[in-house]
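A short reminder: the numbers here are calculations on the coordinates, not readings from a lab. Please read all numbers here as calculations on a predicted model, not as lab measurements. Cβ coordinates were reconstructed from backbone atoms using ideal geometry, including for glycine residues, and neighbour counts include every protein chain displayed.
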Amino acid sequence: MNTTYAAQADDRHTNYIIQTLNGDQFKVTFKILGQSITFANAISKNHSESTPIRVPQIDTPTMEKVLEWCSRHKDDAPYNMNRKNKRPLVLPRWDKAFFDDMSSQQLFDVLSAVTHLKIPKLMDYMCKIIGTFASKKTSEDLKLLFEDNEGAGPASDQPGPSTA
């Protein structure tokens, strides 16, 4: 798979190549990747556009979800990570539908990916969704869910992105 996540046809930003655990590659603009602290740091260290940024802990379907979300939010105002003394986080309609369409396994995989990629706004949104999800479950349901997911997914114990 070789997919391009460009902002628009007139978006002339440099495309970087992201390579997943499965070896699939995505061409993605910095405007989209810049939402990830991990990717932004990798690119700022003089990363070449022609050398893939390898993300061995994230599989292709999970990366597609993360990039879909980042693409949707590429034009958002800079995110304020210090939400202290702010109103409760309210998810926009698109985001709510985006998360509602995911299985619990997909949510877990995306959460693991977001943890590795350090995408603050998506992390806050994930916490809101998972908190809402958990509030509707019994402690036994949650225990079973986490036992099923323990060590699951490609993001369980791998280091961050590499450019090797």
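At 20 °C and 1.002 mPa s, grab the translational diffusion coefficient of the range 2-149 from Stokes-Einstein with a Kirkwood Rh over Cα pairs, rounded to a whole number in µm² per second. Approximately 131 µm²/s, per Stokes-Einstein. 3J(HN,Hα) along the range 87-95: 5, x, 5, 10, 7, x, 4, 4, 5 Hz, from the Karplus curve 6.51 cos²θ - 1.76 cosθ + 1.60 with θ = phi - 60°, whole Hz, x for Gly and Pro.
Working note: Karplus 6.51/-1.76/1.60 with θ = phi - 60° gives the range 102-113 the couplings 8, 6, 4, 5, 5, 4, 4, 5, 5, 4, 4, 5 Hz, where Gly and Pro are set to x. Among residues other than T62 with Cβ under 13 Å from its Cβ, the summed charge is -4 (Lys and Arg +1, Asp and Glu -1). Here the range 2-149 carries DSSP beta bridges of which approximately 40% are antiparallel, counting only pairs with both residues inside. Under 5 Å from the amide H of I53 lie the amide H atoms of I17, I18, Q19, each residue being 5 or more positions distant or on a separate chain, with H modelled from the backbone and absent for Pro and chain starts. Gain on full extension, evaluated as 0.36 nm per residue between S48 and E68 minus their Cα-Cα distance, stands at 4.9 nm. Among 88-95, 114-121, the peptide with the highest mean count of other Cβ atoms within 10 Å heads the list, and the full ranking is 114-121, 88-95. Suppose R0 equals 35 Å; then what is the FRET efficiency for E140 and D100 from their Cβ-Cβ distance, rounded to the nearest 0.05? Here the calculated transfer efficiency is 0.90.
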